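The structure appears below as structure tokens.
Any read-out appearing in this document is the output of simple, stated calculations on the displayed coordinates, not a laboratory observation. The shown structure was predicted, so the numbers you read here are calculated from the model rather than taken from an experiment.
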Amino acid sequence: MADVFSTNFMMAALESLQRPSTFLLARFFADVQTETSEEIHFDVIDKTRRLAPFVSPVVAGRVVEGHGHTTKTFKPAYVKPKTPWDPNRPLKRNAGERIGGQLSPSQRMEQLVVMTMEDHMEMILRRMEVMASEALRTGAIIVTGEDYPTVEVNFGRHQDQTETLTGANQWGENGVSPLANLNTWALRTLRRSGARPIDVTMDTEAWSIFQEDPEVEKRLDTRRVQNNSIITGGPMDIGGTYMGSIDGFNIWTYADWYIDPEDGQEKPIFPDHTVVMTSPLLEGVRAHGAIRDEAAGFQAVEMFPKSWVEQDPAVRYVMTQSAPLVVPRRINHSFSATVRSA
């Protein structure tokens, strides 16, 4: 039988896996960038609204500088989910296998290796989904973990692109129009980024208030709700649900959670009363540094699986390594608001 723990087998199996959908990554961070160095290099674009200068037709043209961007460098933390391998597992029926068993031990072993890597992939992508949420909500990502110093990756979003409504200005208060807020915030984002955001993503608490607004209730177009492929170009992604359109905005609700490894508590990826405005013009990127592992050949890959045996006590491990960072290149094309205090 093939060596299911070989690098070639595990890499081929990993590449063939169907990746779980994650709404924020799939919609706003679709591009993938891999590096052959341990650092990630990324551009943050800052275009200005310049006019072509008038000159006489008989004099030399005026020199204009190229549009601005800042190249930043970050050495990412690793994510390395590692699973101990029970040598007796291939001798037992797998979940979903017919009672009495229908697979040989070698077939079960192959299936179990694939299932382990699927678990690792889901954990890594969920970590990146949480990073995407941070970037969209705050314009920065906090990277922290065991044996890794806490680092803030600040993408330089303008401070006016983050807002917290208070007091009588909160959604749900008399005289407050959520739709007027969206149009004001969209104009602000258009001014700073050069593009109008068309996707409005909110958690279920914010949506509950938004949908009860009389103007929204009257004008929200829900005719395409039953055909999400018109909006997404394919099956609906996990976490995001299309609710309708209004004033040129696609309205989405987003609900997903994660278990925080620091305290073991389940937490929402979008906190209560969160509203985010952007579009695919954010030019979001899933960036990955090289895997500093001789077995990986220091390749530019998104994820690298490996397996080895510890001799005392005897146990086999399966591990998947990744060095990820999500990058919103047009950072001011995102806006976030907390529309009501808890």
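Structure notes:
- Rg and Dmax of segment 258-342, based on Cα coordinates, read 19.3, 56 Å.
- Around the amide H of A30, modelled in the peptide plane, lie the amide H atoms of G284, all under 5 Å away and 5 or more residues distant in sequence or on another chain.
- Rg and Dmax of segment 172-213, based on Cα coordinates, read 11.7, 33 Å.
- For segment 100-196, the equivalent ellipsoid built from the Cα gyration tensor has semi-axes of 45, 20, 14 Å, listed from largest to smallest.
- Theoretical gain in end-to-end length, T36 to R223 [0.36 nm per residue, Cα-Cα removed]: 62.6 nm
- For A287, nonlocal amide neighbours, meaning residues 5 or more places apart or on other chains whose placed amide H falls under 5 Å from its own, are Q33, L325, V326, V327.
- Square roots of five times the Cα gyration tensor eigenvalues for segment 159-290, Å: 24, 20, 18
- Cross-link table K72/K267; K82/K267; K80/K267, entries beyond 25 Å C-alpha to C-alpha: K72/K267
- Karplus 3J(HN,Hα) series, Hz, for segment 133-142 with 6.51 cos²θ - 1.76 cosθ + 1.60 (x for Gly, Pro): 4, 4, 4, 6, 7, 10, x, 8, 10, 9
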